[in-house]
Every structure is written in C-alpha cells, then in structure tokens.
C-alpha cells in the first residue's frame, strides 16, 4: 500500500462538543505535514483519527487511497510516536523496538526477520550501541530515539508524531529536529503527520503546515508562504511573530492613524478596514520607506538583536534591530521603517474558514 493521508470532511464530537470540524486535508506520499495550533485546536484529534484511536462522527479517513475509517489501528500500516515515549521499563532497548514487530497481527513478521529489522531501526536512529540498556539508563533524547526506532521497525507507510519533542529541553530538541530531518531524507516514501504547538519545529521540518484553531483548519501552505504571506491574522500571529496593526484603506492608499503608507492594496476594497502585518525583523530603525514615528516604551536584549517596543499613535510596534551598540533611553522619539514588499495587508473578516 502506498503512503499518503486524506481527510474527507472529518468531524469528531464528544458529548455534543465538536473537537474537529469538517477537516478536508491531503498529505501527499512522502510529505511531512505539520498540524500546528494551540491546545484544543483539534490537531491531536486529527492525528488520532488517522491512527484509529478515535472514530469520526462524520467523514472518512484514507491512507494510501484506501478507506481506513472502520479499520482497527493494527490494520492501518502506521507507526506512531507519542510525547511521553511509552517505553516498557522492564524491557531492554532492543526488546522495546522488537515489541511492535512481535505484536503486529497483520502482516505478521517472521521471527527470523525480527533481529535484522530491530538492528536496522536502531542503526537509523543512532542507537545501536544502546541496544542492551534499559530505558532508565538513557537520557530523554535517547529514549525518544528508541520510541522512533520502534515505530520505524514495522516499516510503516505513515508515521504519526504527536508532540514528540515537547518533553525535551531546548538543546536536545534542536538535536532531535536535525535527526528527524535526516530520517525523512532516508525515508522519502513515508508520509509523516507531525502534531506540534511549536512553530520552530513546524517551520524546520514540514513541507507544508496546516494551521488549526477552534477545531477547524484555518490555513495551509508551505512554511515560506505562511510566514511571508499569511492569509489570516491567526496565521500571522501563530506562525512566527508579527506586528498586526489596524489600518484604513481608501482610494488614496493606506493609513495607520494619521500616517500614510505606501502599500499595495490588492484584495482589500477601498473604504474598508484592514490589518497590516509586518515581521519585527523586517522593521528597521531610522529613516526609510513607510516611516513610523513614536516613542520607545521598552528595550529587550536578545543576544544578536535588540527588540524595541515603540508606541506609534497608540499602537505598539516591535522592531528587532541587529548590532545596536547604544540602546535608546525609554521615552526617546525614534523613527522606524519597512519596505512595501515586506508587509501584507489582511482584509477584515478573513478568518480562514
């Protein structure tokens, strides 16, 4: 069976409360799709519907073109890695990895093949040297590698990752992101559905990101498209950091308060309200196009940058400025600017539904 996942109008409800609402989404064969959203957005429910752990109240789930909505998990050809590893503490690493192969009913793995499959999965995850250790003898990152090896040992068509790095500290998380990216390159035919609330993980790993909120799909696109040209305020704020400023659009152009701005107004009707989206790192300090003048209200040092918070006509504007040798005192009047091509106008009422 080929890989690939399709949600066809999938809804899930518990006790009259809809937790996933009419999801239409396709994960192409070999693609990494991140489901990104806050807690309660429906992303984990969507993943569990693919795994077979929840039953849709309506709609169908397809894997490799086959309707699996009514099939039990063991017949779906999936591997799954969850947040808390779920390793058996009384089993050594190699036995943990072999567990899925031994427990799998269809198709059964011949006993003679299991040692080679375990060795293959451990080698892929860099855990060969730890095969005879118990989980308690491993670090958090190593335990997560074992969980991934167990999922890969069955050679799944689809790999489901549910917040797999959230229990790790920042340094381990960065290393595991690199490892997951390497694994994807080595497994180009496996479709991966990756649930996370962490935008860095989604931007780093995913070929496309599906943005979820309030049980619904709000937006979907490549990381670059969602970051550079978000369609909704929610996407702009959740995929990266953004200045979201209320502006007015008329036949003469765009204004923020009393400040006229030079921006394209495609898709926004004259006489309507809109939201200006511009990323803080694209806002410069000093004179330039689309100048915004205001007073500094806060300065944060962030290592390679300083973040300035500037009050512009009652609106808080963030600017990430590199190599600022002397920080302006609070209350200082400064000028910020941004290029027209670095900003996006979001029409009022666009919510991704």
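Nothing in this text is a laboratory measurement; each read-out follows from the coordinates by a stated rule. Please read all numbers here as calculations on a predicted model, not as lab measurements.
Observations
- Rounded to 10°, Cα long-axis angle of helix 170-186 versus longest principal axis of the chain: 60
- Residue-normalised convex hull volume from the C-alpha trace of segment 1-160: 128 Å³ per residue.
- Inter-part distance where segment 233-257 and segment 31-82 are each reduced to a Cα centre, Å: 35
- Each 10 Å bin from 0 upward holds the following percent of the Cα-Cα pairs of segment 240-353: 14, 46, 28, 10, 1.
- Helix 93-103 and the longest principal axis of the Cα set of the chain meet at an angle near 70°.
- The overall shape of segment 207-307 is oblate: from the C-alpha gyration tensor, with semi-axes ordered a ≥ b ≥ c, the ratio a/c is 1.5 or greater and a/b is no larger than b/c.
- For the chain, DSSP calls about 75 percent of its internal beta bridges antiparallel.
- Helix 114-124 axis, angle to the chain major axis (alpha carbon atoms, nearest 10°): 20
- Top of 337, 90, 281 by mean-square fluctuation, Gaussian network on the chain, Cα under 10 Å: 90
- Kirkwood Rh and Cα Rg combined as Rg over Rh, evaluated for the chain: 1.06
- When you restrict to C-alpha pairs under 8 Å that are six or more residues apart and normalise by the size of segment 238-353, the relative contact order lands at 30 percent.
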